[in-house]
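The structure under discussion appears below in the form of structure tokens.
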Amino acid sequence: MNDITFWYPVLFRAKVPVPKTIIIHTNIDMEKLAMGEKPEDIDKFITELRGACIEAGIPTFLRTGYSSNKHDWNESCFIS
């Protein structure tokens, strides 16, 4: 129940003010990516991600459904 795909629609319908949010669904093997390997379809995902960042506006805060790794802000989730 901590996943953004659960709570964001609830907040949106309740008209709670939230930053512009774009959810990209993917089947990318994030574990493989975290281990420094190149998952299948990563190029397609990066293209979608780049488009979402441009649409949302830069700078952008990036998070997965599991984590944002916000404690390593500049190295993980902040896109300038």
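What pairs can you find where one residue is in region 5-34 and open to solvent by less than 60 Å² (accessible area, probe 1.4 Å), the other is β-branched (V, I, T) and part of a loop (DSSP other than H, G, I, E, B), and their Cβ atoms are less than 7 Å apart, with a gap of 6+ or different chains?
Y8/T21; Y8/I23; L11/V18
Taking the condition of being of a type outside the set (S, T, Y), surrounded by 13 or more Cβ atoms within 10 Å (Cβ to Cβ) and under 19 Å from V18 (Cα atoms), how many residues in region 66-78 meet it?
Residues flagged as of a type outside the set (S, T, Y), surrounded by 13 or more Cβ atoms within 10 Å (Cβ to Cβ) and under 19 Å from V18 (Cα atoms) within region 66-78 amount to 2.
For the condition assigned to a helix (DSSP H, G or I), basic (K, R) and surrounded by 10 or more Cβ atoms within 10 Å (Cβ to Cβ), what is the one hit in R63, R50?
R50 is the lone residue from the list that is assigned to a helix (DSSP H, G or I), basic (K, R) and surrounded by 10 or more Cβ atoms within 10 Å (Cβ to Cβ).
The values are calculated or read from the model by the stated rules, or taken from the named source; none is laboratory data. Computed from a predicted model, the values in this text were never measured in an experiment. With ideal geometry, Cβ positions are generated from the backbone for all residues, glycine too; neighbour counts draw on all protein chains shown. Each accessible area value is taken on the protein alone, full model and side chains, heavy atoms only, with ligands, DNA and RNA left out. Shrake-Rupley method; radii C 1.70, N 1.55, O 1.52, S 1.80 Å.
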